[in-house]
C-alpha cells in the first residue's frame, strides 16, 4: 500500500531536484574544465580566476535566465494549445470527438463502451479540452511559480558548483599547485554529487557517481589538451 | 482539417529542435560572454582563444554527455516504473484497478461506465500497465536511439554556436577590435537564432529574438564587469 504516497513524493521533489542537478552538474564541470584547461596555457592564477568568474557569471545567467524563459515558453505553449483545442471543439466537433474515441479504441474497448465514454467526456467542454490536452498532446498545466523558482535554483546551483573548482586558485598558490588541489577537490565533489543524484533518480548511486566523475574528468582533460595546444 | 497532421509535425520535430536550441543557445552565449569578459582583463588574443576553446570543449562534452546520460536515466526510470507497475498489478490488483477507475471518475463518468471501462482495460495486463504508465505517471516510452542522437545534436550545436563569438579572436586583431567584431557578429547571430526559435515554439519570433539578445548581452556584460574587476 506504499505505492501512492511514494509516487507523489517522487513527483513533488523531482522538479527542484532536477533544477539543482542541471545547475550543479554544469557548474561543477565547466568552470572546473576551463580552469584546468587554462592551467595548461597560462602561468597566472589571476587570469584563471578572472576567466573562471566570467564563466560562472555567464553560465549562471545563461542557464538561469534560459530556464526562466523555457518555463515561460512552456506556459505560453500550453495556453496556445488550449485555445486551439477549445476552438476546434467548436469548429470541428466531429473530428475532436473522434480523437477522444481513438484514445479508447487504442485500449481495446468495445465500440459501445467507447461511444458511452466519449459522449460523457465531450458533454462538458472544459473536461473535453482537458482530456485532449493531457491524453492527445501529453501536456500538463504548468505551475505559474515554476519559471521564477527554476531560474533561481539553477543559477544558485551553478554558482555554488562553480566556486568549488575555482576556490584553490583564489588562495594565491602557484598555478600547478592550485590545479592539483582543484582536481582532487572537484573530482571528490563530483563523486558525492553523482552519488546523491543517483539516489534520487534511478537508485543506482555508484553507477551515477562513476558517470559524473567520468564526464567531469573527460571535459577537463579535453579542455587541458586544447588549451595547451593553442595557448 | 489541418489539425492532426499539424500536431504530428509539431511532435516529430520537437525533440531535435529542442536539442539544437539547448546546445546552440548556451554555445552562443557562454563562450561569447567568457571571451568578452576576458577582453576586459587580458591583452592577449592568444589567452582568449585558449580559454574559449577550453570552454567550448568542456561545455560541449558536459552538455552532450550530460544529455546522453539524462536520456539513459530516463529510459532506466521508465523500465523501473514499468516493472513496479507490473508487480503491483499482480500483488495489489484491487489498488491498481481502483487507480484506473479514479482516472475516469475524474472525468465525471457515471459509475456504471467507469466499471465497464476499467474492467476492459484491466482485462489485459500489458494494456493495464501501459495505461498506468501514461495516465497515472505521465511517462511515455522513450525512443532507444534518443540518447545518442540527443548527445550528438547538443554537442555539435554547442560547438557551432561557440565558434561564432570566438572567430574574430582567431584573426590576429587587437583584443579590443576582436571584441567589437565578436559583439556585433554574436548579437546578430543571437537575434537570428532567437527569431527562428520563436517561430518553432510559440510563434512570437520577435519577442523571442529580443529575449535571446537580452540574455546574451546581460551574460556578456556581467562577465566583462567581473573579469575587469578581478583581472
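For the stretch B:70-152, which fully contained helices (runs of 4 or more DSSP H) count at least 1 residues that are crowded, with 19+ Cβ neighbours inside 10 Å, in contact with a strand residue (DSSP E or B) (Cβ under 8 Å, 6 or more places away or on another chain) and modelled with pLDDT under 90?
none
Could you tell me whether residue B:208 is surrounded by fewer than 20 Cβ atoms within 10 Å (Cβ to Cβ), assigned to a helix (DSSP H, G or I) and free of Cβ contacts under 8 Å to residues at least 24 places away in the same chain?
no
Does at least one position in the stretch A:130-141 carry a residue that is farther than 30 Å from residue A:93 by Cα and either outside the structural domain of residue A:22 (by TED's automatic domain parsing) or within 28 Å of the chain's Cα centre (by Cα) (or both)?
So far as the stretch A:130-141 goes, no, none of its residues is farther than 30 Å from residue A:93 by Cα and either outside the structural domain of residue A:22 (by TED's automatic domain parsing) or within 28 Å of the chain's Cα centre (by Cα) (or both).
Within the stretch B:70-91, how many residues turn out to be under 22 Å from the mean Cα position of the chain (by Cα) and either within 7 Å of chain A (Cβ to nearest Cβ) or over 24 Å from residue A:208 (Cα atoms) (or both)?
Within the stretch B:70-91, residues that are under 22 Å from the mean Cα position of the chain (by Cα) and either within 7 Å of chain A (Cβ to nearest Cβ) or over 24 Å from residue A:208 (Cα atoms) (or both) number 3.
Pick from the stretch A:52-69 the residues that are at the interface with chain B (Cβ under 7 Å from one of its Cβ atoms) and at pLDDT 90 or above: which of them is surrounded by the most Cβ atoms within 10 Å (Cβ to Cβ)?
A:54
Quick check on this structure: which one of B:65, B:92 is more than 30 Å from residue A:101 (Cβ to Cβ) and in the same structural domain as residue B:160 (by TED's automatic domain parsing)?
Answer to the check: B:65.
Take the residues of the stretch B:92-119 that are facing chain A (nearest Cβ under 9 Å) and farther than 26 Å from residue A:126 by Cβ: which is nearest to the chain's Cα centre (by Cα)?
Result: B:96.
In the stretch A:211-221, which residues are surrounded by fewer than 18 Cβ atoms within 10 Å (Cβ to Cβ) and touching a helix residue (DSSP H, G or I) at 6+ places or on another chain (Cβ under 7 Å)?
A:218
Identify, from the list A:49, A:42, the residue that is touching a residue at least 40 places away in the same chain (Cβ under 8 Å), within 8 Å of chain B (Cβ to nearest Cβ), part of a loop (DSSP other than H, G, I, E, B) and under 30 Å from residue A:214 (Cα atoms).
A:42
Report whether or not residue A:157 is assigned by TED's automatic domain parsing to the domain that holds residue A:23, in contact with a helix residue (DSSP H, G or I) (Cβ under 9 Å, 6 or more places away or on another chain), modelled with pLDDT of 90 or more and surrounded by 16 or more Cβ atoms within 10 Å (Cβ to Cβ).
yes
Are any of the residues in the stretch A:182-189 loosely packed, with under 13 Cβ neighbours inside 10 Å, away from every other protein chain (no Cβ under 11 Å) and within 23 Å of the chain's Cα centre (by Cα)?
Yes; the residues of the stretch A:182-189 include at least one that is loosely packed, with under 13 Cβ neighbours inside 10 Å, away from every other protein chain (no Cβ under 11 Å) and within 23 Å of the chain's Cα centre (by Cα).
The values are calculated or read from the model by the stated rules, or taken from the named source; none is laboratory data. Quick caveat: nothing in here was measured; it's all calculated off a predicted structure. Note that each Cβ is placed from the backbone with ideal geometry, even for glycine, and that neighbours are counted across all protein chains shown.
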